[in-house]
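Reviewing the structure listed below.
The values are calculated or read from the model by the stated rules, or taken from the named source; none is laboratory data. Because the structure is predicted, anything quoted here is derived from the model rather than measured. Note: ideal-geometry Cβ built from the backbone for every residue, glycine included; neighbour counts use all protein chains shown. The protein model used for the area step is the full one, side chains on, heavy atoms only, and it has no ligands, DNA or RNA in it. Shrake-Rupley method; radii C 1.70, N 1.55, O 1.52, S 1.80 Å.
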Amino acid sequence: MIDKIRQLTEQTQAFTAKSAAEIEEFRIRMLGKKGELNALMEQFKQVPPEQKKTLGGPINALKNAIQEKLATLKAGLESAEQGPQSDDLSRPGSNDRLGARHPISLVKNQIEAIFKRLGYTVAEGPEIEDDWHVFSALNFPPEHPARDMQDTFFIEKNPDILLRTHTSSIQVRVMESQKPPIRVICPGRVFRNEAISARAHCIFHQVEGLYIDENVSFADLKQSILYFAKEMFGEKADIRLRPSYFPFTEPSAEVDVSCNLCGGKGCNVCKGTGWLEIMGCGMVDPNVLEACGIDSKKYTGFAFGMGIERITMLKYGVRDLRLYFENDLRFLGQFDSAIGG
Ligand code: DAH
């Protein structure tokens, strides 16, 4: 029996193969059910106990040698399949395809970077909120339509737990926990019960801004937004403010930026007006300051809020909101890292 083992060991050492089929044939001959190794094991069972000690070691060594041989031959074959190029040291490296940031993250990062340059810090808050932070502290009267089931996704009623409908809830949390001067921007995801279309979605993103200190004026608000518009849309960008209404600001305004596609002459994107709406803003209503524990006689402030999807649409000419959520690589691939952010 020891001779058989020696013979098989020599055969294993000498074995070479040119194809996967030959390797497989060798494996079956040696390790298969009816193969050499099993035959040896059968014989081994019959051997008297005193001989088992001397034969066990060599059989194991043979088994290991066969397995090692198979592994080396397989590895050799695989590297040979890659062809002679693998030895060509002058061959240019293969390019790893870099992923692209999602356009919403890209623009969110740009907005954050612009306001950080003005000394703002970033604050975040929970997506599941209570009535106080989303509505009551922000001076929404009890009968305000935004509190309606039609607009808001409620998780529980009485006391109301809901998905935030705007990031203005974060400014409440910041004012409750920090003392002025406060200068924050609050990016985040918001939820509204809307039918999904090219122009509306039930999930979208906003960035809220809040600046509170002594003697903050409407002129400061206007100047900050003009700076933002020029940084975001280019040096030629201009803004105009239209009077508006929000429960949490007084006075309130809506901000338009000059259309960057036609330079203000009028085109189908700006519907011939030369202007595009980009955000809401205003001076923080004293009721809001007081509700959040800030002395409205000493401090004033401004706030603004914008939709990231909308800014992205205007900046990159995206015409359909649904594209942001479909994860179609043909769309996402157009925003490669070269755009920055
Ligand atoms: N929260 C408003 C919205 O969702 C946006 C907004 C408007 C925020 C005016 C503000 C503001 O802070 O002053 O439509």
Principal-axis tilt of helix 36-46 within the chain, Cα atoms, nearest 10 degrees: 60 degrees
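What FRET efficiency would be calculated for the residue pair ASP213, ARG97, taking the C-beta separation as r and a Förster radius of 45 Å, to the nearest 0.05? All intermediate terms of the calculation are to be shown ahead of the outcome.
On the way: r = 47 Å, r/R0 = 1.05.
FRET efficiency, ASP213 to ARG97: 0.45.
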Cleavage-rule hits, trypsin sites (Lys or Arg not before Pro), the stretch 144-179, DSSP coil, Cβ neighbours within 10 Å at most 11: LYS157
For MET279, distant residues with modelled amide H under 5 Å away: VAL255
Vicinal HN-Hα couplings computed from phi for the stretch 60-71 (Karplus, 6.51 cos²θ - 1.76 cosθ + 1.60; Hz; Gly/Pro x): 4, 4, 4, 4, 4, 4, 5, 5, 4, 4, 4, 5
Cα centroid separation - the stretch 152-203 against the stretch 1-52, whole Å: 72 Å
Trypsin sites (Lys or Arg not before Pro) restricted to the stretch 1-73 and DSSP loop, no more than 14 other C-beta within 10 Å: LYS18, LYS33, LYS34
Heavy atoms of ILE128 accessible to a 1.4 Å probe, total area in Å² rounded to 10: 100 Å²
Whole-number percent relative contact order across the chain, with pairs defined as alpha carbons under 8 Å at least 6 apart: 16 percent
Isolated Cys residues of the chain, judged by Cβ distance under 4.7 Å to other cysteines: CYS186, CYS202, CYS281, CYS292
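Report, in debye and to the nearest 20, how large the dipole of the stretch 103-335 comes out about its Cα centre when Lys and Arg carry +1 and Asp and Glu carry -1 on their Cβ.
That gives a dipole near 960 debye.
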Label-point separation, ILE155 to GLU326 (7 Å along Cα→Cβ), nm: 3.1 nm
Long-range amide H partners of GLY274 with built H, under 5 Å: GLY266, CYS267
Spin-label pair VAL47/GLU78, simplified geometry with 7 Å Cα→Cβ offset, distance in nm: 3.4 nm
Hypothetical label at CYS202: residues of the stretch 152-173 whose amide nitrogen lies under 19 Å (7 Å Cα-Cβ projection): 152-157, 161-167
Computed lengthening from ASP295 to GLU143, 0.36 nm per intervening residue step minus Cα-Cα distance: 52.0 nm
Other-chain or far-sequence residues with amide H under 5 Å of ASP160's (modelled H): ASP131
Sparse-neighbour loop sites [GluC sites (Glu not before Pro); the stretch 211-298; at most 16 other C-beta within 10 Å; DSSP]: GLU214, GLU235
